[in-house]
Amino acid sequence: MAQRQQRGRRTAATLAATALVFSAAACGSGSDTADSGDPNTLEVWTRSNPDAAATYERVFAAFTKKTGIKVDFQPIVNFDQQLQSRASIKDLPDVMINDSGSLGSYQRQGLLKPIDPDAIAGHEQIDGETWGTARGLDGRTYGIPYSRQAMTLMVRKDWREKVGLPQPRTWQDLLTLAKAFATRDPDGNGKNDTYGMVVPGSAQNGYAAWWAATFLWQGGASLVEPDPDNVGKYRAVADSEAAVRTVSWLKDNLFCGAKNIVQPSALTSTTGNATNFQDGTAGMYLTGPYNIATFDATPGKDKYEVVQAPAGPDGATALAEGENIYFGAKTGKAEQEKALAEFLITPEAQQLAMTGENQPVVRIPVNTTLDAAQVRDDERWATVQQAYRDASKQFPAALDFAPIRQDTADSLNAVFTYCGSDVRAGLQELNETLTGDLKDQDLIS
């Protein structure tokens, strides 16, 4: 009951916030750029920090040099809020590059133009499975894959070698190594001040669900799945026996077992403030490859290694994510938009976006003629590419998955916080909440 009330309160709060954004939209300057009326200029948005934006600038400059089509580039931090503002005045950007997981939400709101993959030059260089992640519930394609990635485990190699243990291949290996990092002074400073692994387990923005997804799948569990008896419909399955076993294992071993297996702030940490790995106080981190550049600086490239996520009872499946190229609905520059998308998936553009002094914006290339490790001359990226191609799974992008992820994060965070909590009862309550989320999207018969 509490979960359903929470979902209702959050929905009401979201609607209220959206209304405020819409009312303020007319005062915004997003659509008043100097080139907004030029038919040969595309307004392009990305969710980017300044370092990533510098990489996009190089890519778009190469596109303009090749085609003569100019790009009015807008790196946006508060992407979804700004997008809703522009949607409210029916003035969307021409092209958006953003999370593949946003597809369902954007398509449901009518913000995207459908795409015919066969009409995109170079479409055959993207594999069919990756194209499949860009389909909406109606079977039409609403995004062009641009970048993909999969979670891998970053491990302090120097610590692992000091405690004399192998690279972790299973959950038990992971737990054994975490305990060694927490108790055997791997940094050699004579103090009990190290932790087994970093966990961004906050409920904020769905982080607990994002981190736990890899473990759930490896344990044979899911949150929602297609209804086998009703095409186009879904059902909640978060209270399965596999889910109960997996969440119980995580709770009992990582959060409520031996001391310092995870950092003390794990259940209030997001990826933005979970810095223990680079600070030198935690020995492992299940995370995305965008952190490789950060960790190469601190703790240092020679001090850590990148390995496949250790396998659970049902295999080694890891969370995959990525970015798509989206065309804003009714923007009127179809040929220019298509030209940009076709350029962005070429080997030339994908390599530009993967290399250089600034943060790469393509992690695993969607263009299958490219090898990530070869392009970067870095074998660690072969591990990431193998994880994506052989053992990865994405959240179902055709749904509006944001409320499902958030409700799951709220539930898991509560279960992990209170060691006396009843896992089965908590997951049954979550399942009722997720059923409500699916009903809200008319996805249950």
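The values are calculated or read from the model by the stated rules, or taken from the named source; none is laboratory data. Every value quoted in this text rests on a predicted model; they were computed, and no experiment measured them. Methodologically, a virtual Cβ is constructed for each residue, glycine included, from the backbone with ideal geometry; neighbour enumeration extends over all protein chains shown. Note: accessible area is taken over every heavy atom of the protein model, side chains too, but ligands, DNA and RNA are not part of it. Shrake-Rupley method; radii C 1.70, N 1.55, O 1.52, S 1.80 Å.
Some notes on this structure:
- Checked against (1) charged (D, E, K, R); (2) over 27 Å from residue 385 (Cβ atoms); (3) part of a helix (DSSP H, G or I), residue 72 passes all but condition (3).
- Single unsatisfied condition, residue 205 versus (1) closer than 27 Å to residue 235 by Cα; (2) open to solvent by less than 50 Å² (accessible area, probe 1.4 Å): (2)
- Qualifying residue in segment 395-409 (condition: over 18 Å from the mean Cα position of the chain (by Cα) and more than 23 Å from residue 129 (Cα to Cα)): no
- Of all residues making up segment 75-112, the number that are more than 15 Å from residue 329 (Cα to Cα), open to solvent by 40 Å² or more (accessible area, probe 1.4 Å) and not in a loop (DSSP other than H, G, I, E, B): 6
- One residue from 298, 331, 271 being hydroxyl-bearing (Ser, Thr, Tyr), open to solvent by 40 Å² or more (accessible area, probe 1.4 Å) and under 25 Å from residue 104 (Cβ atoms): 271
- Candidates 320, 341: the one that is assigned to a helix (DSSP H, G or I) and aliphatic (A, V, I, L, M) is 341.
- Index of the failed condition, residue 3 passing every other in (1) surrounded by 18 or more Cβ atoms within 10 Å (Cβ to Cβ); (2) modelled with pLDDT of 95 or more: (2)
- Unique match (being acidic (Asp, Glu) and touching a residue at least 24 places away in the same chain (Cβ under 8 Å)) among 377, 371, 390, 400: 400
- Residues (on the phi > 0 side of the Ramachandran plot and among the acidic types (Asp, Glu)) located in segment 168-199: 185
- Identity of the residue in segment 177-197, of a type in the set (D, E, K, R) and free of Cβ contacts under 8 Å to residues at least 60 places away in the same chain, that ends up surrounded by the fewest Cβ atoms within 10 Å (Cβ to Cβ): 191
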